[in-house]
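*Asks:* Quick one: this structure, given as structure tokens, is what I'll be asking you about.
The values are calculated or read from the model by the stated rules, or taken from the named source; none is laboratory data. Given the structure is predicted, the values throughout are model-derived calculations rather than measurements. Here Cβ is always computed from backbone atoms with ideal geometry, including for glycine, and neighbour counts include all displayed protein chains. Heads up: the accessible areas ignore ligands, DNA and RNA and are worked out on the full protein's heavy atoms, side chains in. Shrake-Rupley method; radii C 1.70, N 1.55, O 1.52, S 1.80 Å.
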Amino acid sequence: QELPRQGSGGPLGARAPAGCDCLPLRKLVALQGRQPNADEMLNFLACCRRETRLSTANVVELTPRPVRMHGTVSPPLDTDDECGGGTITTFAVNAPGIALEEAPRERTGEASTPVAVFTWLLSLAYVFIALAVALSVYSGGVSGGELGQRALGITKQVAGSGGVRGWATQEAAQAATFLKSEIGGLELEFPGRVETMHQHIPISRANILGPFGALECMNITIEPCVKDWGKRDGAFDGTTCATSCPYDRSTPDGPRCCGDKVESDTRFLLPAFWSDVLYARAEQDLPQDGDGEVFFSNVVFRVKGSGGFSDGSAILVSAHYDSVDASSIPFRPGQDPNLPTDHGPGVGDDLAGVAVLLEVARKLAASDSLPRDVIFAFVSGEEAGAMGSTLFRQFHPWRNRPAVAVNLEGKGKANSKEWLVRSNSGYAASAWARFAPRPAGFSFSEWVFANLNVGFTDLDVYRRLGYHGIDLAYVHDSYVYHTPDDSVDMVSQEGLQHEGANILAFIQGVAQDVGFPSPLQPAEDPVVGIWNNEVGSDPGMSSNMFYVGMFDSWMWTFSVPAAQLLFGATAVAAPTASVALLWYLWANAPPPGASLSRVICGGLADLVVGLCGLLISALAGTVCEWAVVRQRDLRTWYDWQLLRLALLGVSGALPALSLELLRRGVSSGVSLWADFLRSGDQPTDHSAILGYVSSVSVLLFASALGLPHLGFALFWFALFSPLGLALEVLIKVFVMPMVSGQLRSEAQLELLPIAEKSPIVVEPLQELFVVTGILTLRDLVGLFVPLLMTLPQVFNLIMVFSYIIDGLDMQVGNGALCGVAGALLFLPFFPAARRLPREFLGAVVLLTGLLWVTLMVACFSVPTNTDLYCYFNMHC
């Protein structure tokens, strides 16, 4: 008897669901107590196209696997026409007359082609939204204000037409005179609140060289003496220096060699560790006696607090007002030889910082007294070897008062956000995160400064006094650094306001902090107490903190060991949780035609493909940097930076995307390796999800062990991807049955409904919306949220460090960096790419290739602004 396609009847006594057209041969059931014969099964399966629900009581064992059914049955059944191409899933059925064998897998995604294309485009939209946020965070987030407006006026007034020029010059002396006048105005405006203690030295060969000009010292080699000075508990060798000088930090003038100062000698006698710098430069920089007096001045004052002024009680804020000298300024190729290029105006580096601090001092003096004094030091000679800060450290009577120091620097345009680039103290770094209202920065910069020889600042000198210090710097568009382009045209009221507001809030917060620290000891920072000036050989600073600015609104910070623990635990938990969620999904609502074991195997295959893709992408970006970017004048990218980064990023994403297409072309059955690669071709995209999560987790774990600062770029993906998968499981296992009025899992398919229960009928259009909604929500949590948390910060990092990499002459550093970034950006697209039919995936690869060609042609075509100076004279 043939069970009618609609209506009731049949040997199994079951009613066919109303409106049920045809059931694809995907589910067979074994009834409790007996097995149906072949005719009964085939007749029932032919009756209905749509899947309905079955009570758990009617299911004996569920062991799904794709099969092809063949044999002699009556009545004949056209499986290809009505039953989904003969692909079914058996649930432990052993029916006579039916032979089962493995069926070919013709689909690689649970979703239909329209759903796959739609969700792919939606994923792409997520990336563009995150990129738009990244651009907004990078270029925006700053606004003007009174402090910034006044600081801009001071900057323009000091810079004048040419800006500060050098340090041992009349221009530098005039700048010091102006600053002293401004501070004198503060003393008059706020009587009793401001006290000055400037350092003032006439500069000449006789004054600076002091006893090194004496006959008995002419044949003395200074360098060994200087380098031995770092011995904290030792004495100098009398054969090296004219006078043996034991280390004594309490000596007001500090230890020195080659003669003692006598009362009749009015010349300023410098210690050897400073004089060695000047000795080598005397022939070029120092004026002859009688050439006119030039002064070397540190402009120092304090805004008094209410809590006393003892050692270790104050806060120091410092900036240098000198600018880079002639030896560091390259000429532009073909420029007018009469154009003055002997000095950089030094507006971003570091006149803007001086102007900001003047206005911060005004704000503090005009407000209620803080519990602690704040010392302001505007030093000179930083560009010539941190000489002003060394003078402060060696001789200033207030040198032991501070316990916390903020040093302002510039390595770019002073028209945007300043970054926290490094710190030697966990307290100082965390305090910046707590008190600055709009902090920016990334602790990876500490590693860069410590390992890539980026340079030194005055903070390298201050740290030897035990200060808890932070280095703040303008870092955007660093190609103006140490060039005449670092001018007043490159400074903005908004950038000065951003820095000033942050510093003011930081000073107020630290001054009132009950956890205000004592100065660091040698056990906490190994350079504390060392008197030599060999800062270039010091171990790099480390706050032992992980920190990263988020959306220019707050800073995420905790200790490096805590970061390692968090990132390492997440790297282990993410794939573990994903496998557990997939097991639960298969146990309660198994996707039709998919095998969990093969999904897990496919995840391992995608892990291999993903990691290989990263290596290939890094190589592709490197080759593209060398073959395209480096063939142009480096100044091209000052105006076309986004074009360069887009080319390098697409160069990295294209190989990773192509690997998925190549993997699809591998024929299964050829070898074990081919079968392994194709094991992810299941009727779902869960193997791609597992491979993506596993790839990210492997990289995150490696980062936690070696360089935890970079773990931030991976952490959010490893955290949120399992959450997206959990959302899918929640919807399929719990929400859908509840919405349908049935508290049963998707595995309870009523193919043989009991008369008292109404089957759940899902219409094709309704099912389309359900699948689309599930995939959209899963990608929203597992893809968009981590992109939004990660991409703005990574984009900031690349934009800032790309020019620094140029300056370090790392020929292909940007290519490798952007290539890896492009491949990492593709990893979250594994599931969306897996859902696409092969022909659509091929079209995507082709379009990406055309985009790469277009970007490459553009990179060769865009003009170079030859009016700009060449940053560090690299490849111009």
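*Asks:* Could you check how many residues of region 680-697 are touching a Gly at 6+ places or on another chain (Cβ under 9 Å) and closer than 18 Å to residue 613 by Cα? Don't jump to the end; show me each part of the working.
*Replies:* Step one: filter region 680-697 for residues touching a Gly at 6+ places or on another chain (Cβ under 9 Å), giving 680-696.
Add one more test, that the residue is closer than 18 Å to residue 613 by Cα, and what stays is 680, 687-696.
Of the residues in that region, 11 qualify.
*Asks:* Hey, another quick one. Only one of (1) within 22 Å of residue 517 (Cα to Cα); (2) within 24 Å of the chain's Cα centre (by Cα) is not met by residue 397, so which one is it?
*Replies:* Only one criterion in (1) within 22 Å of residue 517 (Cα to Cα); (2) within 24 Å of the chain's Cα centre (by Cα) is unmet by residue 397, namely (2).
*Asks:* Conditions first: (1) in a loop (DSSP other than H, G, I, E, B); (2) surrounded by fewer than 18 Cβ atoms within 10 Å (Cβ to Cβ); (3) modelled with pLDDT under 95. Residue 518 passes all but one, so which condition is the exception?
*Replies:* It is condition (3) that residue 518 fails.
*Asks:* Here are some residues: 438, 422, 401. Which one is open to solvent by 20 Å² or more (accessible area, probe 1.4 Å) and closer than 30 Å to residue 145 by Cα? Working first, answer last.
*Replies:* Details: 422 fails: open to solvent by 20 Å² or more (accessible area, probe 1.4 Å); 401 fails: closer than 30 Å to residue 145 by Cα.
After applying the criteria, what remains is 438.
*Asks:* Moving on to the next point. Out of 651, 658, 667, which single residue is polar (S, T, N, Q) and not in a helix (DSSP H, G or I)? Before you say what the answer is, go through the steps one by one.
*Replies:* Details: 651 fails: not in a helix (DSSP H, G or I); 658 fails: not in a helix (DSSP H, G or I).
Checking each option against the conditions leaves just 667.
*Asks:* Which one of these is hydrophobic (A, V, I, L, M, F, W, C), open to solvent by 10 Å² or more (accessible area, probe 1.4 Å) and in contact with a Ser or Thr (Cβ under 6 Å, 6 or more places away or on another chain): 710, 727, 699, 705?
*Replies:* On the way: 727 fails: in contact with a Ser or Thr (Cβ under 6 Å, 6 or more places away or on another chain); 699 fails: in contact with a Ser or Thr (Cβ under 6 Å, 6 or more places away or on another chain); 705 fails: in contact with a Ser or Thr (Cβ under 6 Å, 6 or more places away or on another chain).
Matching residue, one of 710, 727, 699, 705: 710.
*Asks:* So which residues in region 455-487 are touching a Pro at 6+ places or on another chain (Cβ under 7 Å) and over 18 Å from residue 379 (Cβ atoms), if there are any at all?
*Replies:* 466, 468, 484, 486, 487
*Asks:* Right, next: Quick test of your reading of the structure: residue 869 fulfils all but one of (1) in a loop (DSSP other than H, G, I, E, B); (2) open to solvent by 20 Å² or more (accessible area, probe 1.4 Å); (3) among the aromatic types (Phe, Trp, Tyr). Name the failing condition by number.
*Replies:* Status for residue 869: all satisfied but (2).
*Asks:* Right, next: Residues being open to solvent by 10 Å² or more (accessible area, probe 1.4 Å) and either free of Cβ contacts under 8 Å to residues at least 12 places away in the same chain or in contact with a Pro (Cβ under 7 Å, 6 or more places away or on another chain) (or both): count how many of those fall in region 609-630.
*Replies:* 4
*Asks:* When you check residue 477 against the structure, is it of a type in the set (D, E, K, R), surrounded by fewer than 24 Cβ atoms within 10 Å (Cβ to Cβ) and modelled with pLDDT under 90, yes or no?
*Replies:* Values: of a type in the set (D, E, K, R): yes; surrounded by fewer than 24 Cβ atoms within 10 Å (Cβ to Cβ): yes; modelled with pLDDT under 90: no.
It is false that residue 477 is of a type in the set (D, E, K, R), surrounded by fewer than 24 Cβ atoms within 10 Å (Cβ to Cβ) and modelled with pLDDT under 90.
*Asks:* Looking at 356, 406 in this structure, which one is assigned to a strand (DSSP E or B) and either within 30 Å of residue 167 (Cα to Cα) or touching a Ser or Thr at 6+ places or on another chain (Cβ under 6 Å) (or both)? Can you show your working first?
*Replies:* Working: 356 fails: assigned to a strand (DSSP E or B).
Of 356, 406, the one residue that is assigned to a strand (DSSP E or B) and either within 30 Å of residue 167 (Cα to Cα) or touching a Ser or Thr at 6+ places or on another chain (Cβ under 6 Å) (or both) is 406.
*Asks:* Which one of these does residue 779 not meet: (1) at pLDDT below 85; (2) acidic (Asp, Glu); (3) farther than 30 Å from residue 450 by Cβ; (4) open to solvent by less than 30 Å² (accessible area, probe 1.4 Å)?
*Replies:* (1)
*Asks:* Let me ask something additional. Can you tell which of 649, 680, 724 is touching a Cys at 6+ places or on another chain (Cβ under 6 Å) and within 30 Å of residue 568 (Cα to Cα)? Write out each step before concluding.
*Replies:* Numbers: 680 fails: touching a Cys at 6+ places or on another chain (Cβ under 6 Å); 724 fails: touching a Cys at 6+ places or on another chain (Cβ under 6 Å).
Result: 649 is the single residue among 649, 680, 724 that is touching a Cys at 6+ places or on another chain (Cβ under 6 Å) and within 30 Å of residue 568 (Cα to Cα).
*Asks:* Could you give me the residue pairs with C-beta distances under 7 Å whose first residue belongs to region 357-370 and is closer than 13 Å to residue 183 by Cβ and open to solvent by less than 10 Å² (accessible area, probe 1.4 Å), whose second residue is among the basic types (Lys, Arg) and assigned to a helix (DSSP H, G or I) wherever it lies, and which are 6+ apart or on separate chains?
*Replies:* Once the first residue is closer than 13 Å to residue 183 by Cβ and open to solvent by less than 10 Å² (accessible area, probe 1.4 Å) and sits in region 357-370, its partners that are among the basic types (Lys, Arg) and assigned to a helix (DSSP H, G or I) give 359/150.
*Asks:* From the list 697, 651, 658, which residue is touching a Pro at 6+ places or on another chain (Cβ under 6 Å) and touching a residue at least 40 places away in the same chain (Cβ under 8 Å)? Spell out the reasoning first.
*Replies:* Working: 651 fails: touching a Pro at 6+ places or on another chain (Cβ under 6 Å); 658 fails: touching a Pro at 6+ places or on another chain (Cβ under 6 Å).
Criteria check complete, one pass: 697.
*Asks:* If residue 594 passes every condition in (1) at pLDDT below 90; (2) touching a helix residue (DSSP H, G or I) at 6+ places or on another chain (Cβ under 8 Å); (3) in a helix (DSSP H, G or I) but one, which one does it miss?
*Replies:* (3)
*Asks:* Right, here's the next one. Within region 834-866, how many residues turn out to be hydroxyl-bearing (Ser, Thr, Tyr), surrounded by fewer than 12 Cβ atoms within 10 Å (Cβ to Cβ) and either in contact with a strand residue (DSSP E or B) (Cβ under 6 Å, 6 or more places away or on another chain) or under 30 Å from residue 687 (Cα atoms) (or both)?
*Replies:* Start the filter on region 834-866 by keeping residues that are hydroxyl-bearing (Ser, Thr, Tyr), which leaves 848, 854, 861, 864, 866.
Add one more test, that the residue is surrounded by fewer than 12 Cβ atoms within 10 Å (Cβ to Cβ), and what stays is 861.
Now drop any that are not either in contact with a strand residue (DSSP E or B) (Cβ under 6 Å, 6 or more places away or on another chain) or under 30 Å from residue 687 (Cα atoms) (or both), which leaves none.
Going through region 834-866 one residue at a time, the tally reaches 0.
*Asks:* Here's another thing I want to ask about it. Condition test on residue 701, is it of a type in the set (Phe, Trp, Tyr) and at pLDDT below 95? Before the answer, list the steps.
*Replies:* On the way: of a type in the set (Phe, Trp, Tyr): yes; at pLDDT below 95: no.
No.
*Asks:* Of all residues in region 676-689, which are assigned to a helix (DSSP H, G or I) and open to solvent by less than 10 Å² (accessible area, probe 1.4 Å)? Step through it out loud before you land on a result.
*Replies:* Step one: filter region 676-689 for residues assigned to a helix (DSSP H, G or I), giving 676-678, 686-689.
Across region 676-689, the qualifying residues are 686, 687, 688.
*Asks:* Name the single residue that is surrounded by the most Cβ atoms within 10 Å (Cβ to Cβ) among those in region 521-554 being in a loop (DSSP other than H, G, I, E, B) and touching a strand residue (DSSP E or B) at 6+ places or on another chain (Cβ under 7 Å). Break it down into steps so the answer makes sense when it comes.
*Replies:* Going residue by residue through region 521-554, those that are in a loop (DSSP other than H, G, I, E, B) are 521-534, 538-544, 551-553.
Next cut, touching a strand residue (DSSP E or B) at 6+ places or on another chain (Cβ under 7 Å) only: 541, 543-544.
On the way: 541: 22, 543: 25, 544: 15.
Among residues in region 521-554 that are in a loop (DSSP other than H, G, I, E, B) and touching a strand residue (DSSP E or B) at 6+ places or on another chain (Cβ under 7 Å), the one surrounded by the most Cβ atoms within 10 Å (Cβ to Cβ) is 543.
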